[in-house]
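To start, the structure itself, in structure tokens.
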Amino acid sequence: DILPVVAVALPIGLLFGTLAAGRGLSAAEAGLMSASVFAGASQFVAIELWKTPAPWALLTLTAFVVNIRHILMGASFARQLGSFPPSTRLPSMFFLADEIWAFSERRALSGPVPPEYYWGMGLALWAQWVVGTILGAIVGTSLGDPATYGLDFAFTAMFICILSSFWRGWRTGAV
């Protein structure tokens, strides 16, 4: 399920790496940020606010506000954690990205979400995000303006496609 998203999300990781390098982060620093934060939307906002010295309080508050939707996604996904070993429940939340949540919710329509399914998606998307970020930081500045290639719309297009798979009629469409 996640492989098409991994392929489509690669340009988004490249774009983030490019922007991070443009703000003065090394490829290692940008990669470490993506590996430890794994929250594309808040990372894009943080890079826009980035300066030296970094405004840590503002960056933290902004990341919190941008990611507050994860509270709702986590509450929605919590009912699926019953099949997860107790020791993996909390670490699993690190991978609760929009796409992984959407695929897990779709899978839950037909039965429990196996931990292997969730972790497989999470690790694949996380690895792609980190590798894409590092590659973007290394070669991205030579590509020029990412909007020229339509990369600024890649995330939006990808999520519209994922959400359309939930369509079950006008009632679900409104939600």
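The values are calculated or read from the model by the stated rules, or taken from the named source; none is laboratory data. This structure is a prediction, so every number in the text was calculated from the model and none was measured. Glycine also receives a Cβ, built like all others from the backbone with ideal geometry; neighbour counts cover every protein chain displayed. Surface areas here come from the heavy atoms of the whole protein model, side chains and all, with no ligands, DNA or RNA. Shrake-Rupley method; radii C 1.70, N 1.55, O 1.52, S 1.80 Å.
You will find that of ALA39, ALA35, the residue that is surrounded by 18 or more Cβ atoms within 10 Å (Cβ to Cβ) and among the aliphatic types (A, V, I, L, M) is ALA39 and no other.
Just so you know, in region 107-138 the residues that are open to solvent by 70 Å² or more (accessible area, probe 1.4 Å) and either of a type in the set (Lys, Arg) or assigned to a helix (DSSP H, G or I) (or both) include one that is modelled with the lowest pLDDT, and it is ARG107. Based on this model, can you work out whether THR52 counts as open to solvent by 30 Å² or more (accessible area, probe 1.4 Å), outside any helix (DSSP H, G or I) and not basic (Lys, Arg)? Here the answer is yes, as THR52 does meet what is asked. Considering each of GLU99, GLU105 in turn, give the residue that is in contact with a Leu (Cβ under 7 Å, 6 or more places away or on another chain) and under 20 Å from LEU125 (Cα atoms). From the options GLU99, GLU105, the qualifying one is GLU99.
Of note, PHE16 does not satisfy the criterion of being free of Cβ contacts under 8 Å to residues at least 40 places away in the same chain and not β-branched (Val, Ile, Thr).
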